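The values are calculated or read from the model by the stated rules, or taken from the named source; none is laboratory data. Predicted model only: the values in this text are computed from it and were never measured. Note: ideal-geometry Cβ built from the backbone for every residue, glycine included; neighbour counts use all protein chains shown. SASA here: full protein model, heavy atoms, side chains in, ligands and nucleic acids out. Shrake-Rupley method; radii C 1.70, N 1.55, O 1.52, S 1.80 Å.
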Amino acid sequence: RVRSGKEMSKAKRLLEEAEKERGIQERLREKREAEAEKKKMLELLQRDKEERFGKKFTAGGGAAKEEKTPEEKLAHAIKTVKTLYTSFRHPGVAKTCFTTLRAYCNNVLKDVNDPKYRKIRLANNAYQERVAKVTGGNLFLKAVGFKEGAEFFELESVDEALVRKAVDSLEAELKNMF
């Protein structure tokens, strides 16, 4: 009787373990099916968006980013400064920023090969007050080709046409402010 009781409990335990394992396998199978269904739905949504909007969309749901040209970056930086620093809210801030940026660009054009004009010290007080604190000022410098380093904003290779276009854009904006 004792032996049959032990055998019965052993058989019951094995049955419970097998039932538990089947449950785990069932949940894993359901999870894989749900993930496959979700992936299928996301693909359908992506195709639908592409059909409706004519753009490629990424898996994250946003439109695929296209790299902007330097001219577009310049225009975006100028627009950012103009929008955020209107003459009503912040009188003179945008004008000062544009004037300083124009001076930096004109200095580069004055002597393209002189490294003195192709560096802006980040700790420079004039730079800090007139450009760095203005949202869009650094964007403009980066669009022109300046790279931010530990101590300097440095223009390694000069694209004269782009710098001239930047100066022209700044002069047009400064002219429109009056």
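In this view, the solvent-accessible surface of Ser87, computed with a 1.4 Å probe and all protein chains in place, comes to about 80 Å². The region of the chain that goes longest without hitting one of the GluC sites (Glu not before Pro) in a DSSP loop, each with at most 15 other Cβ atoms within 10 Å, is 68-150. Once the Cα atoms of helix 160-176 and of the chain are each reduced to a long axis, what angle between those two axes, in degrees from 0 to 90 to the nearest 10, is obtained? With rounding to tens, the tilt is 80 degrees.
Using only alpha carbons, segment 1-125 has a radius of gyration to Kirkwood radius ratio (Rg to Rh) of 1.50. Taking Gly54, Gly137, Gly145 as the candidate residues, the one with maximal mean-square fluctuation in a Gaussian network model of the chain, Cα springs under 10 Å, is Gly54.
Close amide H partners of Phe152, meaning residues 5 or more places away or on another chain with modelled amide H under 5 Å apart, are Leu122. For Arg52, the solvent-accessible surface with a 1.4 Å probe is about 150 Å², rounded to the nearest 10.
Shape index of segment 65-173: Rg/Rh, with Rg the Cα radius of gyration and Rh the Kirkwood radius from the inverse mean 1/r over Cα pairs, equals 0.95. Each residue of segment 76-89 was assigned a 3J(HN,Hα) from its phi angle through the Karplus expression (A = 6.51, B = -1.76, C = 1.60, θ = phi - 60°), giving 5, 5, 5, 4, 4, 4, 4, 6, 7, 10, 6, 5, 6, 7 Hz with x at Gly and Pro.
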